[in-house]
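As structure tokens, the structure follows; a few thoughts come after it.
The values are calculated or read from the model by the stated rules, or taken from the named source; none is laboratory data. Because the structure is predicted, anything quoted here is derived from the model rather than measured. Heads up, the Cβs are rebuilt from the backbone with ideal geometry, glycines too, and the neighbour counts pull from every protein chain shown. With ligands, DNA and RNA removed, areas are computed over all heavy atoms of the protein, side chains included. Shrake-Rupley method; radii C 1.70, N 1.55, O 1.52, S 1.80 Å.
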Amino acid sequence: TFVVAGGGFAGVETIASMNDFLRSAIKFYPHLSEEMLRVVLIHPGSVILPELGEKLGGYAQKKLAERKVEIRVNTKVDGVFERGVKLSDGTMIESSTLVWTAGTSPHPILQTLPCENEKGRIIVNEYMEVPGWPGVWALGDCAVVPDPKTGKSFPPTAQHALREGKVLGQNIIAAIRGGKKKPFVFSILGLLASIGRRTGVANILGI
């Protein structure tokens, strides 16, 4: 039994590749049968790949299930033991292999700073300035950068952080030289996940 924790991009792509590899390799081991193989994906949300929306997440879920991947949604890993994994619903899955892909979290040191934060990430304005702290800036996955189009914050991904860095560099120069600062505005280019066997799901430029 192989358990993968996390139904985001990393978790889904990992379990899809792993499942395909294991099921194609098992024929080389005469003392094993496919019925002996169990691959389980644990996800705390109601649908995997939530970044792609319910429709594409549901499609990915259906395709993985057709390939004999067990998917446990609305479930978390409560504990990991020598002989298995305990889930939040009380289920114990016997396994000696756990792959943890449950995403990233801000460094705990950020919570020790006196500035305002949200779930450990520093709150900034549209210029990536830390309110109340002149000359202090934050960006990337340690910051909550507001998205004026949605009223929420930009996701903490490399696609955004790279562009935030360029805008922030210009804003620091503007602050030093007395120029006009530029708010960070960016429309995501696309999101893509491979779900194995030459199959994928994507949202590219809104399509």
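Quick notes on this structure:
- Selection count where residues are open to solvent by 10 Å² or more (accessible area, probe 1.4 Å) and either touching a helix residue (DSSP H, G or I) at 6+ places or on another chain (Cβ under 6 Å) or more than 23 Å from E94 (Cβ to Cβ) (or both), scope segment 1-16: 4
- Scanning segment 112-137 for residues that are open to solvent by 90 Å² or more (accessible area, probe 1.4 Å) and under 21 Å from the mean Cα position of the chain (by Cα) gives E118, K119.
- Answer from I173, I207 - the residue that is among the hydrophobic types (A, V, I, L, M, F, W, C) and not in a helix (DSSP H, G or I): I207
- When the test is whether a residue is open to solvent by 20 Å² or more (accessible area, probe 1.4 Å) and either without any contact (Cβ under 8 Å) to a residue 40 or more places away in the chain or outside any helix (DSSP H, G or I) (or both), K63 does not pass it.
- Against the numbered list (1) in a helix (DSSP H, G or I); (2) touching a residue at least 12 places away in the same chain (Cβ under 8 Å); (3) among the aliphatic types (A, V, I, L, M); (4) surrounded by fewer than 18 Cβ atoms within 10 Å (Cβ to Cβ), V185 comes up short only at (1).
- Lone unmet requirement of (1) assigned to a loop (DSSP other than H, G, I, E, B); (2) touching a helix residue (DSSP H, G or I) at 6+ places or on another chain (Cβ under 7 Å) for L110: (1)
- Within the set G151, G165, G140, G178, the sole residue that is open to solvent by 30 Å² or more (accessible area, probe 1.4 Å), more than 18 Å from F9 (Cα to Cα), of a type in the set (G, A, S) and in contact (Cβ under 8 Å) with a residue 12 or more places away in the chain turns out to be G165.
- Screening segment 68-111 for residues that are closer than 16 Å to L41 by Cα and out of contact with any strand residue (DSSP E or B) (no Cβ under 9 Å at 6 or more places or on another chain) and picking the one that is least open to solvent (accessible area, probe 1.4 Å) gives G103.
- Residue within segment 39-50 that is open to solvent by 90 Å² or more (accessible area, probe 1.4 Å) and outside any strand (DSSP E or B) present: no
- Selected residue (criterion: nearest to V39 (Cα to Cα)) from residues of segment 75-106 that are part of a loop (DSSP other than H, G, I, E, B) and touching a helix residue (DSSP H, G or I) at 6+ places or on another chain (Cβ under 7 Å): T101
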